[in-house]
Amino acid sequence: MSTRTPQGEVAFEVAATAEPEAQPALRRPRSRVASFEPWLIGVASVVVFLVAWQLVAMARVVPELFLPGPTDIVTALVAYVTSSEFAIDAATSGQELAIGYGLAIVVGLPLGLLMGWYRRLQYVLDPFISFFYSTPRIALLPLLIIWFGIGIWSKVAVIFLGAFFPIAINTFAGVRSLDATLLKAARSFGASDAQIFRTIALPGSVPFILTGLRLGVGHALIGVVVGELVAAQHGVGLAMSTAGSTFQTAKVFAALIIIAGAGVILQILLQRLERRFDAWRPR
Amino acid sequence: MDGQRTAVKLSARNVRVHYWRERSDEPLLALDGVTLDVHEGEFVSIVGPSGCGKTTFLNALDGLLPISSGSLVIDGRPVTGPGRDRAMVFQQPSLLPWRSVLGNVMYGMELERQLSRREMRERAREHIRLVGLEGFEDAYPLELSGGMQQRVNLARALATDPVMLLLDEPFAALDAQTREFMQLELLRIWRQTRKTAIFITHDIKEAIYLADRVVVFTARPGRVKEEIDVDLARPRELRIKRDPRFLAYEDRVWTLIEEEGTMARAAAR
């Protein structure tokens, strides 16, 4: 008797958790074709847009100088990507991005963790962080160029400053938002501070850290483009600015596509990372 | 309690606890001289009007809250902080959401650092079986119902092999039916492990159903108002709650708590 009922309860709960959709579906379940619907509509919308653009460009309502058509842009893109100039540009911009963003992670993440963990360190750094975070970091470029020259290092510096703050601040917020009930449980089992840091603070701040990394990518890309617009020797951003000032409009678009593509790829990689750490969140 | 009392596991003498509230210059007296003995293998429920300090008492027992005066001795050793001889089952499941059931049950043992990883895993599996969650080792807490989460909470505490199990309203957040089943389950598990248990609850039926002895606290500042031995044979089935003897116990406890409520209200006026 005393064992039958509880098992009954377990079975009941199993049934309840086995079906992820607890609420009865009000609509008919989607058919296989219908589940592609969002994707299909998205693609169709882009295709229609491109076709319309191409038609407008071919009709030459606006001169090519102002609005090249999609085919012109593809031609320019292929020409740019296959040129020897592109190899140097891509390597330069890629290097700036990798070093600047990498440094922002290497410095911002531990600093955010330490600031979250040691209140006094937060008090020390708070005024600087407030100052820099409310200054558009791009405004520091003239200064950075004086200090680091027009080579890659002024860009590395502006990218670093752009990505560092979102990463550090989000990590800090993650450590600060510890769940009090978890903390109490850990203390009750005699956890040391180091154990609490390792088993609660660190894993608990992962979602925040990932948000910081994603925001950081956006800021880093702004750093690459604007940094190179202002002063540079090589780089995709510089190529775009040069093309702009020489009225190679299609090439401007081509560079834009490359930069946007880099951003999309980085965001996708980060999303993958997020999903890996998020396995425990029910979908 | 069947016949002879066993050795004293917990001995509380005149325990007073103050604590500081935010935006207040005066400490609040939560417990004012609690004296209580709990014997080995005994199941004691503590009930009392809301805010009477039952949870404060349990936190002090667990070593999470210092006592201001008196003495609190477990197994001959005064309580100075959290220790391996006690384990708490919390009102909220307090599980690490990013760890599986297995990882969560191992967590308490992991923090206490007494066993190898292999031993911890083995003990964890054993206790997952004991609380009836076999097959859910790899599930994450958010995939479980409230009742199942509390089973994990219980398994985590039991797996550390404490001398004394402290339960802080563990079923308070569950729905009425799940709650009844969990009471039955707790008694089955307790019978198998024979831990000394102290159970805090608001629910008088629950207190009587589970316990060998029900301790009624006064309104704040809390003291022991009365102790009532529950002389109902074990194992107890849920239907014992409709037994006239059970109802007589319930009536007695209710009367005591009502008295406290009336006095507290009169004092507040």
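Each value in this text was obtained by applying a stated rule to the coordinates, not by laboratory testing. This one's a predicted model, so the numbers in the text were calculated from it and none came from an experiment. Quick reminder, even Gly has a Cβ in these numbers, built from the backbone with ideal geometry, and neighbours come from all protein chains shown.
Over every pair of different alpha-carbon atoms in segment A:131-207, take the mean of 1/r and invert it; report that Kirkwood radius in Å. Display every interim value, and only then the final one.
Details: mean 1/r = 0.0666 Å⁻¹.
Hydrodynamic radius (Kirkwood, Cα pairs) of segment A:131-207 is 15.0 Å.
Nearest 5 percent is fine: what portion of the DSSP beta bridges confined to the protein assembly as shown is antiparallel?
Numbers: 21 of 39 bridges.
Taking every DSSP beta bridge within the protein assembly as shown, about 55 percent pair in antiparallel fashion.
Rounded, prolate or oblate: which fits segment B:1-103, taking a ≥ b ≥ c as square roots of the Cα gyration tensor eigenvalues, rounded meaning a/c under 1.5, else prolate when a/b beats b/c?
Details: a/c = 1.73, a/b = 1.03, b/c = 1.68.
It comes out oblate by the Cα gyration axes.
Specify the residue with the greatest mean-square fluctuation among A:Ala91, A:Ala231, A:Ala191, computed from a Gaussian network of chain A linking alpha-carbon atoms under 10 Å apart.
Looking only at A:Ala91, A:Ala231, A:Ala191, the largest GNM fluctuation is found for A:Ala191.
Give me A:Trp117, B:Trp190 sorted ascending by neighbouring Cβ count inside 10 Å, so fewest comes first.
Numbers: A:Trp117 18, B:Trp190 21.
The order, fewest Cβ neighbours first, is A:Trp117, B:Trp190.
What FRET efficiency would be calculated for the residue pair A:Ala180, B:Glu134, taking the C-beta separation as r and a Förster radius of 35 Å, to the nearest 0.05?
Details: r = 31 Å, r/R0 = 0.90.
Using R0 = 35 Å, I get an efficiency of 0.65.
Which whole-number percent gives the relative contact order of segment A:52-154, counting Cα pairs below 8 Å spaced six or more residues apart?
Computed over segment A:52-154, the figure is 15 percent.
Quick check on chain A: take the gyration tensor over C-alpha atoms, sort the square-rooted eigenvalues as a ≥ b ≥ c, and tell me if it's rounded (a/c under 1.5), prolate or oblate.
Details: a/c = 3.49, a/b = 1.35, b/c = 2.58.
In terms of gyration-tensor shape, oblate.
Express as a percent, rounded to the nearest 5, the fraction of DSSP beta bridges in chain B (both residues included) that run antiparallel.
Numbers: 21 of 39 bridges.
That works out to approximately 55 percent antiparallel.
Got a sec? Charge dipole of the protein assembly as shown, +1 on Cβ for Lys and Arg, -1 for Asp and Glu; which of B:Ala124, A:Phe172, A:Phe131 is way out at the positive end?
My answer, from the dipole projection, is B:Ala124.
What lysines sit close enough to B:Lys9 to cross-link, taking a C-alpha to C-alpha distance under 19 Å and skipping anything fewer than 8 places away on the same chain?
Result set, ordered by chain and number: B:Lys54, B:Lys195.
Net charge around A:Ala168, counting only other residues with Cβ within less than 15 Å of its Cβ (Lys, Arg = +1; Asp, Glu = -1)? Working shown, then result.
Numbers: positive: A:Arg137, A:Arg176, A:Arg214; negative: A:Asp126.
Summing Lys/Arg as +1 and Asp/Glu as -1 gives +2.
How many nm is it between the label spots at A:Ala91 and A:Leu202, if each spot is 7 Å from the Cα in line with the beta carbon?
Calculated label separation equals 3.8 nm.
Counting only helical runs of four or more DSSP H residues, what would the 222 nm mean residue ellipticity of chain B come to if each run contributes -39,500 (n - 2.57) and the total is spread over all its residues? Present the calculation step by step, with values, prior to reporting the outcome.
Details: 7 runs with 99 residues, N = 269.
Taking each H run of at least 4 residues, the total per residue is -12000 deg cm²/dmol.
Of B:Asp25, B:Asp62, B:Asp138, which is the most mobile in a GNM of chain B whose springs link Cα atoms less than 10 angstrom apart?
Comparing B:Asp25, B:Asp62, B:Asp138 in a Gaussian network model of chain B, the most mobile one is B:Asp25.
How large is the convex hull of the C-alpha atoms of chain B per residue, in Å³? Walk me through the numbers on the way to the answer.
Working: hull volume 38.4 nm³, N = 269.
Taking only Cα atoms, chain B has a hull volume of 143 Å³ per residue.
Just the ratio, please: alpha-carbon radius of gyration of segment B:134-231 over 2.2 N^0.38 Å, N its number of residues. Walk me through the intermediate numbers first.
Values: Rg = 14.7 Å, N = 98, 2.2 N^0.38 = 12.6 Å.
Expressed relative to 2.2 N^0.38 Å, the Cα Rg reads 1.17.
What is the Cα centroid distance between segment B:27-52 and segment A:134-184, reported in whole angstrom?
Value for the Cα centre distance between the two parts: 52 Å.
Once the principal axes of the Cα atoms of the protein assembly as shown are found, what is the range along each, listed largest first in whole angstroms?
The Cα atoms of the protein assembly as shown stretch 100, 58, 55 Å along their principal axes.
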